Structure formats: C-alpha cells, structure tokens
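Undergrad: So that we are looking at the same thing, I have put the structure below in structure tokens.
The values are calculated or read from the model by the stated rules, or taken from the named source; none is laboratory data. Remember, it's a predicted structure, so these values are computed and weren't measured experimentally. Virtual Cβ from ideal backbone geometry, glycine too; neighbours counted across all protein chains shown.
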Amino acid sequence: MRFKRTHPDQLPLDWSKDAEIERIIEARVAIRAEAAALRWRLRLILIETVLMASLVFVAGLTLHQPTAMVLRGAAMVGAACLISGLLLIALAGLTGHMIARYRRWRGQ
C-alpha cells in the first residue's frame, strides 16, 4: 500500500504513538461496526421474511387454493418468520451482554 507524500509545510502528526487517541478511535470504530452488523442482520431477516411469505403465496396460487386462505397463510408465515428472526437477534444480543458481564465479573 503506497502512501501519498505529505506537503513539506504540513505539520507531521504521528497518531500511532498516542495510546489514548488510538483507544478512542478503536472504540468509535467498534461502535460503528456493531451498529452496521445489527442493520445487516435486520436486513437479512426482512429479506428472509419477504421470501418466505412470497413463496407460500406463489405456492398456494400455483396449487389453485382459495386466495383468502393463501393470503392468510402467507401473512402468518411472514409474521412468524419476522418474529422468530427478531427474537433470535434479541437473544443473541442478550447472550453476548451476559457473557461480557460474566467476563468482567471473573476478571475482578
């Protein structure tokens, strides 16, 4: 990886030697990464929900079932898929939080 040469009049800053700034930067990056990971999990759950509901809808219509029954079944499958995915995310977050608390407790 090549770095651009700095201008001779620019004040040379060496951020790697300051441990406090490095710690702050790492904490901010970790917070952003955690938020991005949560957004991606929610996106995946929404995509999965739509796909499952549409699969049930198309299968019901293909089998010439009554439309009201197909719509109700697709809605139930979609709702169940969304709830189970959100519950899975919540339980994973709670488990991670409890493990972190346990590690802090064991470290004392």
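Undergrad: Of the residues ARG103, ARG72, only one is charged (D, E, K, R) and either at pLDDT 95 or above or surrounded by 12 or more Cβ atoms within 10 Å (Cβ to Cβ) (or both); which? Walk me through how you get there before you give the answer.
TA: Working: ARG103 fails: either at pLDDT 95 or above or surrounded by 12 or more Cβ atoms within 10 Å (Cβ to Cβ) (or both).
Going through ARG103, ARG72 in turn, the sole match is ARG72.
Undergrad: Right, next: So is ILE99 touching a residue at least 24 places away in the same chain (Cβ under 8 Å) and of a type outside the set (Ser, Thr, Tyr) or not?
TA: Working: touching a residue at least 24 places away in the same chain (Cβ under 8 Å): no; of a type outside the set (Ser, Thr, Tyr): yes.
Here the answer is no, as ILE99 does not meet what is asked.
Undergrad: Now for a different question. So which of THR67, THR6, THR95, THR62 ends up being under 17 Å from the mean Cα position of the chain (by Cα) and hydroxyl-bearing (Ser, Thr, Tyr)?
TA: Working: THR67 fails: under 17 Å from the mean Cα position of the chain (by Cα); THR6 fails: under 17 Å from the mean Cα position of the chain (by Cα); THR62 fails: under 17 Å from the mean Cα position of the chain (by Cα).
One residue alone meets the criteria, THR95.
Undergrad: Check region 59-68 and report whether any residue there is assigned to a helix (DSSP H, G or I), among the β-branched types (Val, Ile, Thr) and exposed (fewer than 13 other Cβ atoms within 10 Å of the Cβ). Can you show your working first?
TA: First pass over region 59-68, keeping only residues assigned to a helix (DSSP H, G or I): 59-62, 67-68.
Still in the running and among the β-branched types (Val, Ile, Thr): 62, 67.
Checking the rest, the ones that are also exposed (fewer than 13 other Cβ atoms within 10 Å of the Cβ) come to 62, 67.
There is at least one residue in region 59-68 that is assigned to a helix (DSSP H, G or I), among the β-branched types (Val, Ile, Thr) and exposed (fewer than 13 other Cβ atoms within 10 Å of the Cβ).
Undergrad: Here's a follow-up. Going by the conditions given, is GLY78 in a helix (DSSP H, G or I) and loosely packed, with under 13 Cβ neighbours inside 10 Å?
TA: No; evaluated as a whole, the condition is false for this residue.
Undergrad: Does region 27-44 contain at least one residue that is more than 23 Å from the chain's Cα centre (by Cα) and either assigned to a helix (DSSP H, G or I) or surrounded by 12 or more Cβ atoms within 10 Å (Cβ to Cβ) (or both)?
TA: Taking region 27-44 and keeping what is more than 23 Å from the chain's Cα centre (by Cα), we get none.
Looking for residues that are more than 23 Å from the chain's Cα centre (by Cα) and either assigned to a helix (DSSP H, G or I) or surrounded by 12 or more Cβ atoms within 10 Å (Cβ to Cβ) (or both), one finds none in region 27-44, hence no.
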